[in-house]
Amino acid sequence: MADEKSPRPAVEETIIIGSGPAGWTAGLYTARANLNPLLITGNDYGGQVSITYEVENYPGFPEALSGPELVEKMKEQAEKFGLTTEYDHVSEIVTDQHPFVVRTVNGKEYKAKSLILCTGARPRYLQVPGEKELTGKGVSYCATCDGFFFRGKDLVVVGGGDSAVEEALFLTKFATKVRIIHRRDELRASKILRDRAFANEKIEFVWNSVVTSINGNGSVSGVSIENTLTGEASELKTDGVFVYVGHLPNNDLYHGKLHLDEDGHLITDKKMRTNVAGIFAAGEIQDKVFKQVATSVGQGCSAAMQTEKFLAEFEAEGYHGAGVDAREFPEIPTFVPQRAAERELVLA
Ligand code: NAP
């Protein structure tokens with residue numbers, strides 16, 4: 001928490017936006033570089049890993065640990081070296097003037113010589129009838145948060161990637177039966193998870209099927225599905241639906257300001273630079289390929305090291321002479337996702 005007794009400088013050296021693994025790592029490295037960094041957590045404290053039951057592929061923790069535990073360890077380590085954490089949500093960044101301006105929903109306004117954007121991604125919705133109405137009433141995007149409430153129940157998980165399979169395995173701790181509904185007949189998930197799911201007696205698979213509606217009056221009673229090969233429609237009775245059909249980048253702050261790719265990820269070069277000098281990005285907001293805790297940590301580290309270099313050049317030569325903004329990015333039209341409709345879905 002920011003210490004009221006030590007006021008922040010009029011112009012921050014660097015502000016990190018986002019509190020997932022990329023953000024904390026950027027905080028750790030910029031703190032150890034004596035940049036007195038400020039990290040603004042965002043509403044989704046800890047990012048996606050904080051809603052992960054168990055992380056067993058982050059090196060250094062052979063016994064595995066929970067997502068929230070890992071986030072707390074990362075935070076503690078970064079703060080030990082001088083990172084200041086603000087529990088606030090950024091509502092606007094101004095990128096066409098330097099120092100940059102960061103405004104928050106709590107009415108704060110900061111100026112910063114550099115920014116490290118680590119705003120991550122959020123779950124994609126199915127966008128079928130009933131999903132919005134029944135969210136929180138049997139439809140969930142977080143097994144870690146809600147699994148406990150489904151003790152002795154019959155559940156479905158939608159999706160075929162690592163998240164779907166991992167969380168389906170977790171849900172077997174509570175549910176009597178978990179059916180994974182996948183649109184193909186082959187899982188995208190990694191082999192170790194596939195093997196575990198196939199070996200789990202409580203898990204069944206509904207192949208080549210998509211959910212066309214989630215049904216129930218006040219609580220989930222079933223899902224309507226359609227076979228993708230035959231077009232045949234049917235209904236499955238269930239008590240709960242966990243949706244894991246991928247993620248969308250949290251890019252609201254960047255439209256018309258920074259270059260985004262066709263999927264809405266920030267475009268960065270290998271040095272984690274965006275198209276504006278002094279603004280860097282790390283983690284799933286710019287990574288559409290790897291999306292691992294370990295890769296986000298690496299990207300956060302790279303972004304922090306480049307920020308340090310940028311600031312040294314800036315101190316020596318000023319903003320326009322910083323010499324890092326001559327990169328040529330392809331002119332890609334700003335991508336506008338169907339964000340408003342999706343947001344309505346969650347905040348039912
Ligand atoms: P993902 O890998 O993109 O998988 C999304 C799944 O949802 C796919 O199986 C996809 O089907 C399906 N899907 C997408 N849109 C759909 C729709 N409209 N209707 C029905 N199904 C739909 O997403 P993820 O599982 O969330 O994983 C994201 C990243 O995080 C991946 O890189 C993953 O490896 C990583 N991750 C890793 C771990 C781990 O290492 N333990 C755990 C969780 C996540 P198709 O297969 O047909 O495309």
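Some observations on this one:
- Given R0 = 25 Å, the distance between the Cβ atoms of Val276 and Ala312 translates into a calculated FRET efficiency of 0.85.
- Helices in the chain, meaning DSSP H runs of at least 4 residues, each add -39500 (n - 2.57). Divided by all residues, the mean residue ellipticity at 222 nm is -7500 deg cm²/dmol.
- Modelled label reach - Ser6, point 7 Å along Cα→Cβ, region 78-118 residues with backbone N closer than 14 Å: 78-86
- With R₀ fixed at 22 Å, the C-beta to C-beta distance from Lys173 to Tyr58 puts the FRET efficiency at about 0.55.
- Amide H contacts of Ile181 (H built 1.01 Å from N, in plane; Pro and chain starts excluded): Val157, Val158, Gly159, Val206 sit under 5 Å, all sequence-distant by 5 or more or on other chains.
- A cysteine counts as unpartnered when no other cysteine's C-beta lies under 4.7 Å of its own; in the chain this applies to Cys118, Cys301.
- A crude spin-label estimate for the pair Glu69 and Thr230, with each label 7 Å from Cα along the Cβ direction, gives 4.6 nm.
- Burial order of peptide ranges 288-296, 243-251, 267-275 (average beta-carbon count within 10 Å, highest first): 243-251, 267-275, 288-296
- Quarter of Cα convex hull surface for region 53-101, i.e. mean projection, nm²: 5.7 nm²
- Residues with amide H under 5 Å from that of Thr52, placed H, sequence gap 5 or more: Gly67
- Under the Karplus curve 6.51 cos²θ - 1.76 cosθ + 1.60, θ = phi - 60°, whole-Hz ³J(HN,Hα) for region 218-223, x wherever Gly or Pro sits: x, 8, 5, 10, x, 10
- Gap separating the Cα centres of region 202-252 and region 131-160, nearest whole Å: 11 Å
- Region 131-243 shape via C-alpha gyration tensor axes, a/c threshold 1.5: oblate
- Stretching Ile192 away from Tyr45 to a fully extended chain increases their span by 50.0 nm, per 0.36 nm per residue minus the current alpha-carbon distance.
- Cα convex hull volume per residue for the chain (Å³): 147 Å³
- Its relative contact order, with pairs defined as Cα atoms under 8 Å and 6+ residues apart, puts the chain at 19 percent.
- Scoring 49-55, 11-17 by mean Cβ neighbours within 10 Å over their residues and listing the highest first yields 11-17, 49-55.
- The lysines whose alpha-carbon is closer than 25 Å to the alpha-carbon of Lys75, local same-chain residues fewer than 8 away aside, are Lys5, Lys108, Lys111, Lys113, Lys271, Lys288, Lys291, Lys309.
Every number here is computed from the coordinates shown, using simple stated rules; none is lab data. The shown structure was predicted, so the numbers you read here are calculated from the model rather than taken from an experiment. Backbone-built Cβ (ideal geometry, glycine too); neighbour counts: all protein chains shown.
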